[in-house]
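The values are calculated or read from the model by the stated rules, or taken from the named source; none is laboratory data. Predicted model, so just to flag it, every value in this text is computed and none were measured. Cβ sites come from the backbone with ideal geometry, for glycine too, and all protein chains shown count toward neighbours. The area values use the complete protein model at the heavy-atom level, side chains included, leaving out ligands, DNA and RNA. Shrake-Rupley method; radii C 1.70, N 1.55, O 1.52, S 1.80 Å.
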Amino acid sequence: MAFPVHRPRRLRSSEAMRRLVREARLEPSQFVLPLFVCPGEGVRKDISSMPGVAQLSIDNLVREAESCRALGLGGVILFGIPEEKDEFASGAYADSGIAQRAIRALKREVPALLVITDVCNCEYTSHGHCGLIENGVVQNDPSLEWLAKTAVSHARAGADIVAPSDMMDGRVGAIRAALDSSGFVNMPILSYAAKYASVFYGPFREAAESTPQFGDRRGYQMDPSNGREAMREIALDLEEGADMILVKPAMPYLDIVSRARERFEVPIGAYQVSGEFSMILAAARNGWLDLDRAILESLTGIRRAGADFILTYFAKRATELLT
Ligand code: PBG
């Protein structure tokens, strides 16, 4: 007894009707804007592969953060580009490091804005890998120490949430222990639990100057073919004390977002990464796609798959479109 009794088109007849029955909704509070902070003053260094995105010195970063707050975004996630890199990622965990200085400035000037910090070594190592190299291989356990120190220094600077993105085994536990023993028992950890070795990070590596000088990240980031393994990574990170988890990239991995949503009762974020951003923008610039509709449809898809919040370079534009 389907047609002619059942006519799903009845509920699509007008925008008012569609609005009423809409399932996945977008709100500015669900968007987190990635920001790149660099040394200097008055610096706005465009990233050629990500039109409209720039490395900002702290003064310009604060201005950008203020506009994010005014728009009502969920927050920002901060990536630092240090003045110098070395084999030991020293700039990542120095209290005077670029990220730490930026966090202090943000919390002083725009206290109401939520500041998430990316905890990783690759922007700070001379070789561009996410940990200590020995015999040409990233060593897991020694790298944990750097990550733990970095997270504690971000906490000390005033970060609201720390987000490890390195994919070393055991890093959430190491960071939780270090935070707790330093008195930061209430600092939430957002773990990039299911992070894939993706080609879609290409433009980010120009933005963060973090391209590996040799090899690739497939020895620590996940194989794009694996879905079950993502559930295992998430379960392990939650056991180690992660408060929230991220799936990254977003669009090619919506099945992972959706499986995680069904299985885990924690907030789930998805990261619409640099390559996803640049791909949409490039098509729009060629006149092949309508940019604004592509932004909203891509973000809606990520929400429909089950993400509670989205890290996206489109955060500000999407907010303008919604309000
Ligand atoms: C690692 C990190 C990367 C991204 C976020 N954190 C790059 C990588 O793993 O190579 C990529 C984000 C993007 O592409 O937008 N610190």
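Some notes on this structure:
- Taking all protein chains into account, the per residue accessible area for the stretch 166-323 stands at 44 Å² (1.4 Å probe).
- Rolling a 1.4 Å probe over the protein heavy atoms of the stretch 165-323, with every protein chain left in place, gives an accessible area that is 49 percent carbon and sulfur.
- Label zone at A112 (point 7 Å along Cα-to-Cβ), backbone N below 19 Å, the stretch 50-72: 62-72
- Nearest-0.05 FRET efficiency for R22 and S126, computed from C-beta distance (R0 51 Å): 0.55
- In plain terms, the chain from R285 to N186 could stretch by 31.2 nm, reckoned as 0.36 nm per residue minus the Cα-Cα distance.
- Alpha-carbon centroids, the stretch 1-68 and the stretch 229-264: separation in whole Å: 22
- Accessible-area composition of the stretch 45-126, carbon plus sulfur, in percent [1.4 Å probe]: 51
- Note on R232/V5: beta-carbon distance plugged into 1/(1 + (r/R0)^6) with R0 of 35 Å gives a FRET efficiency of 0.15.
- Segment V199..Q139, full-extension length gain: 19.3 nm, with 0.36 nm per residue of separation and the alpha-carbon distance subtracted.
- An ellipsoid equivalent to the chain, defined through the eigenvalues of its Cα gyration tensor, has semi-axes of 33, 23, 19 Å when rounded to whole angstrom and sorted largest first.
- Residue-averaged 222 nm ellipticity for the chain, from DSSP H runs of 4+ at -39500 (n - 2.57), nearest 500: -12000 deg cm²/dmol
- When peptides 141-147, 33-39 are ranked by their average number of other Cβ atoms within 10 Å per residue, the highest-first order is 33-39, 141-147.
- Among 184-192, 14-22, the order from most to least packed when residues are scored by Cβ within 10 Å on average: 184-192, 14-22
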